[in-house]
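The values are calculated or read from the model by the stated rules, or taken from the named source; none is laboratory data. It should be emphasised that the depicted structure is a prediction, and the values quoted were computed from it without experimental measurement. So basically every Cβ, Gly included, is an ideal-geometry build from the backbone, and we count neighbours across all protein chains shown. Accessible surface is based on the protein model in full, side chains and every heavy atom, while ligands, DNA and RNA are left aside. Shrake-Rupley method; radii C 1.70, N 1.55, O 1.52, S 1.80 Å.
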Amino acid sequence: QVQLVESGGEPVQTGGSLRLSCRVSGRSISMYAMGWFRQAPGKERQFVAAISWSGDSTAYADSVKGRFTFSRDSAKNTAFLQMNSLKPEDTALYHCAARPWGGAEADETKYTYWGRGTQVTVSA
């Protein structure tokens with residue numbers, strides 16, 4: 001059974017930075033393509049970033065390109081989302097997701113495993 005646990009979310013001011021972590025347990029992270037998604041109150045969940053199982057391909061939502069970076073550390077079995085130049089519109093509950101093998105996928109229906117999320121709040 002694969003489990004994903006996010007951490008790193010906290011209140012931050014506009015322009016600040018955060019690094020979210022997604023700890024994978026039960027299987028090696030190297031077997032999985034992964035994604036980050038976010039959901040703000042009253043809004044649908046939206047794609048943020050994804051990385052292929054091999055780690056050689058990434059994809060980002062237009063709203064975060066140039067500000068967010070997706071990476072992973074196989075030794076720690078953990079994926080990271082480095083978020084810089086944060087804006088109030090980045091405020092949301094951030095979830096990581098995983099699916100066996102595959103590319104950097106933006107479609108949330110393609111993911112098999114989900115974490116419960118970590119809250120990011122950006123104040124003006």
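Which of the residues that make up the range 40-59 are aromatic (Phe, Trp, Tyr) and open to solvent by 70 Å² or more (accessible area, probe 1.4 Å)?
Trp53
Filtering the range 88-109 down to residues that are of a type in the set (D, E, K, R) and assigned to a helix (DSSP H, G or I), which residue is most open to solvent (accessible area, probe 1.4 Å)?
The extreme case among them is Glu89.
For (1) surrounded by fewer than 19 Cβ atoms within 10 Å (Cβ to Cβ); (2) among the aliphatic types (A, V, I, L, M), each residue gets a yes or a no:
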residue	(1), (2)
Gln13	yes, no
Leu18	no, yes
Ser21	yes, no
Arg27	yes, no
Arg38	no, no
Val64	no, yes
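Answer with yes or no whether Ala33 is open to solvent by less than 30 Å² (accessible area, probe 1.4 Å), among the small types (Gly, Ala, Ser) and in contact (Cβ under 8 Å) with a residue 40 or more places away in the chain.
Numbers: open to solvent by less than 30 Å² (accessible area, probe 1.4 Å): yes; among the small types (Gly, Ala, Ser): yes; in contact (Cβ under 8 Å) with a residue 40 or more places away in the chain: yes.
It is true that Ala33 is open to solvent by less than 30 Å² (accessible area, probe 1.4 Å), among the small types (Gly, Ala, Ser) and in contact (Cβ under 8 Å) with a residue 40 or more places away in the chain.
Tell me, yes or no, whether the range 21-31 has at least one residue that is over 15 Å from Ala98 (Cβ atoms) and more than 12 Å from the chain's Cα centre (by Cα).
First pass over the range 21-31, keeping only residues over 15 Å from Ala98 (Cβ atoms): none.
Checking the range 21-31: not a single residue is over 15 Å from Ala98 (Cβ atoms) and more than 12 Å from the chain's Cα centre (by Cα).
Kindly indicate which of Ser71, Ser85 is in contact with a Lys or Arg (Cβ under 8 Å, 6 or more places away or on another chain) and either of a type in the set (Gly, Ala, Ser) or outside any strand (DSSP E or B) (or both).
Just a single option satisfies the conditions, and that option is Ser85.
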